[in-house]
1. Under 6 Å between Cβ atoms, at least 6 apart or on separate chains: pull out the pairs that start in segment 42-56 with a residue that is in contact (Cβ under 8 Å) with a residue 40 or more places away in the chain and end on any residue that is β-branched (Val, Ile, Thr) and assigned to a strand (DSSP E or B).
2. Filter segment 19-33 down to the residues that are surrounded by 10 or more Cβ atoms within 10 Å (Cβ to Cβ) and modelled with pLDDT of 55 or more and list them by number.
3. How about segment 50-90: which of its residues are surrounded by 14 or more Cβ atoms within 10 Å (Cβ to Cβ) and touching an Asp or Glu at 6+ places or on another chain (Cβ under 9 Å)?
4. Would you confirm, using the coordinates I've provided, whether Ser94 is small (Gly, Ala, Ser) and either modelled with pLDDT of 90 or more or under 14 Å from the mean Cα position of the chain (by Cα) (or both)?
5. Regarding Asn105, is this residue part of a loop (DSSP other than H, G, I, E, B), out of contact with any Ser or Thr (no Cβ under 9 Å at 6 or more places or on another chain), loosely packed, with under 12 Cβ neighbours inside 10 Å and modelled with pLDDT under 90?
Amino acid sequence: MDEHTHADGTTHSHADGTTHSHEGHEHTEDQFNAKKEMLLKQLLSSEARLRLNNVKMVKPELANMVENYLLGLAAQGRAPGQITDEQLKQILMSAQQPKKDFKINRI
């Protein structure tokens, strides 16, 4: 049996006398978030990472959208090396552009 304790204090054993005392869903979500953070750390310069964290506090949905965009670029191998603060500003600006909608006025 391989018994270990997680950061949240829960303990369980494996070697398929599998015992879990926490939700499996939370576990995979935590793993996903940890992997996401690790990838973002590699993709963004420290200044850009700081900016994205600040944006996340004020506009979490915008930060999420930009994170997913960046991860998508990386997954496709189209990330332009490490993203600087200036590049991140441009991405944030374009993500916030109001969508133009056209009004047709009938005469």
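The values are calculated or read from the model by the stated rules, or taken from the named source; none is laboratory data. Just so we're clear, the structure is a prediction, and the values are computed from it rather than from any experiment. So basically every Cβ, Gly included, is an ideal-geometry build from the backbone, and we count neighbours across all protein chains shown.
1. Partner pairs satisfying both residue conditions: Leu43/Ile83; Leu44/Ile83; Ala48/Ile83.
2. Across segment 19-33, the qualifying residues are Glu26, His27, Thr28, Glu29, Asp30, Gln31, Phe32, Asn33.
3. Looking only at segment 50-90, we keep the residues that are surrounded by 14 or more Cβ atoms within 10 Å (Cβ to Cβ), and these are 51-52, 55-56, 59, 62-63, 65-67, 70-71, 73-74, 79, 83-85, 87-88.
Correct list: Arg51, Leu52, Lys56, Thr84, Asp85, Leu88.
4. On the way: small (Gly, Ala, Ser): yes; either modelled with pLDDT of 90 or more or under 14 Å from the mean Cα position of the chain (by Cα) (or both): no.
For Ser94, the condition - small (Gly, Ala, Ser) and either modelled with pLDDT of 90 or more or under 14 Å from the mean Cα position of the chain (by Cα) (or both) - is not met.
5. Working: part of a loop (DSSP other than H, G, I, E, B): yes; out of contact with any Ser or Thr (no Cβ under 9 Å at 6 or more places or on another chain): yes; loosely packed, with under 12 Cβ neighbours inside 10 Å: yes; modelled with pLDDT under 90: yes.
Taking the combined requirement at face value, the residue satisfies it.
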